[in-house]
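The values are calculated or read from the model by the stated rules, or taken from the named source; none is laboratory data. From a predicted model like this one, the values you see are computed outputs, not experimental measurements. Cβ placement follows ideal geometry from the backbone for every residue including glycine, while neighbour counts extend to all protein chains displayed. Only protein heavy atoms, including side chains, enter the accessible area calculation; ligands, DNA and RNA are left aside. Shrake-Rupley method; radii C 1.70, N 1.55, O 1.52, S 1.80 Å.
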Amino acid sequence: MNQTHKICMYIAAHKKFAVPDIEGYVPLEVGAALRDEHFGFIRDDGGENISAKNPFFCELTAYYWIWKNSDADIVGLSHYRRYFSKYRINPDSQYYLQPDEIEQLMAQYDVILPEHFYWRKHTVKSGYYAGAGVDPDLDTIGKIIQDLYPAYSQTYRDVLTHHEASYCNMFVMKKSDFDAYCQWLFDILIEAERRIDISDYTPAEKRIFGYMSEILLNVWVEQNKKRVCYKPMVVNAPFSKKKKILRICEKMGIQKATKAVYCVDSKF
């Protein structure tokens with residue numbers, strides 16, 4: 001492999017799992033500050049971090065740690081059971097995105113994201129509220145964007161009306177682009193944390209900041225006219241669980257649910 005950049009594909013995990021034997025794939029324990037027993041992985045409570053916010057920010061505690069602590073040239077995030085792959089169904093790790101492929105793609109594109117999934121009965125906004133989102137939190141985000149980054153306001157409104165988006169907060173980017181994205185993202189979310197009272201939310205609803213960031217990644221990419229390579233995403237989970245989540249997706253009116261299955265979960 002003729003690799004010229006340091007590539008780290010971090011894998012967010014809250015439990016032990018079989019780490020793919022692929023160069024550059026690095027397991028990262030999320031929410032590490034909240035548990036006494038650890039797994040021998042890099043932890044998101046080292047260095048500058050927001051690990052203790054994991055119940056509310058989900059995999060964004062990994063984002064923050066990567067932003068503040070990683071020295072890689074190209075960074076990415078997958079989940080312990082969700083990976084970029086050549087196929088949507090076959091979970092064999094031999095088909096996961098490889099470092100040499102990342103190197104080649106990043107010479108042509110600015111960012112790698114999961115393929116869109118499509119809502120049949122919802123827009124991105126109504127789909128958010130059909131899940132664990134609480135009304136009017138997206139409107140609050142809109143006001144914050146108008147206050148802090150007004151140039152993004154129209155793009156935010158446009159994305160909310162779409163019937164498709166990338167979800168799961170999985171990505172690959174040059175570290176410089178990721179740093180710029182995180183500055184923008186956390187400026188917005190930290191202000192949202194100040195403005196939105198989640199004290200009466202359910203545990204699932206309190207994961208608000210992770211949920212909202214899935215939408216915001218689409219906004220940032222569209223506003224900045226990034227060249228995007230959309231790759232399939234596969235879930236490495238028992239087939240029985242996949243079927244259960246597929247049934248939930250169908251009830252929610254999600255089209256092409258084999259793509260959506262990977263983001264309907266409460267564990268991050």
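Only one entry of Val111, Val124 meets the criterion of being β-branched (Val, Ile, Thr) and over 30 Å from Ile7 (Cβ atoms), and that entry is Val124. The single condition among (1) touching a Leu at 6+ places or on another chain (Cβ under 7 Å); (2) of a type in the set (S, T, N, Q); (3) surrounded by fewer than 16 Cβ atoms within 10 Å (Cβ to Cβ) that Asn169 does not meet is (3). You will find that of Asp139, Asp179, the residue that is open to solvent by 20 Å² or more (accessible area, probe 1.4 Å), part of a helix (DSSP H, G or I) and in contact (Cβ under 8 Å) with a residue 12 or more places away in the chain is Asp179 and no other.
Being touching a strand residue (DSSP E or B) at 6+ places or on another chain (Cβ under 8 Å), open to solvent by 10 Å² or more (accessible area, probe 1.4 Å), part of a loop (DSSP other than H, G, I, E, B) and in contact (Cβ under 8 Å) with a residue 12 or more places away in the chain holds for only one residue in Tyr109, Tyr118, and it is Tyr109. In the stretch 183-198, is there at least one residue being modelled with pLDDT of 95 or more and touching a strand residue (DSSP E or B) at 6+ places or on another chain (Cβ under 9 Å)? No, the stretch 183-198 contains no residue that is modelled with pLDDT of 95 or more and touching a strand residue (DSSP E or B) at 6+ places or on another chain (Cβ under 9 Å). Residues considered: Gly131, Gly40. Of these, the only one that is open to solvent by 30 Å² or more (accessible area, probe 1.4 Å), farther than 23 Å from Ala204 by Cα and either touching a Pro at 6+ places or on another chain (Cβ under 8 Å) or not acidic (Asp, Glu) (or both) is Gly40. Here the stretch 191-226 is the region considered, the condition is being free of Cβ contacts under 8 Å to residues at least 60 places away in the same chain and over 23 Å from Thr123 (Cβ atoms), and the residue that is most open to solvent (accessible area, probe 1.4 Å) is Arg194. A count restricted to the stretch 43-84 and to residues that are closer than 13 Å to His14 by Cα, open to solvent by 10 Å² or more (accessible area, probe 1.4 Å) and of a type in the set (S, T, N, Q) stands at 1.
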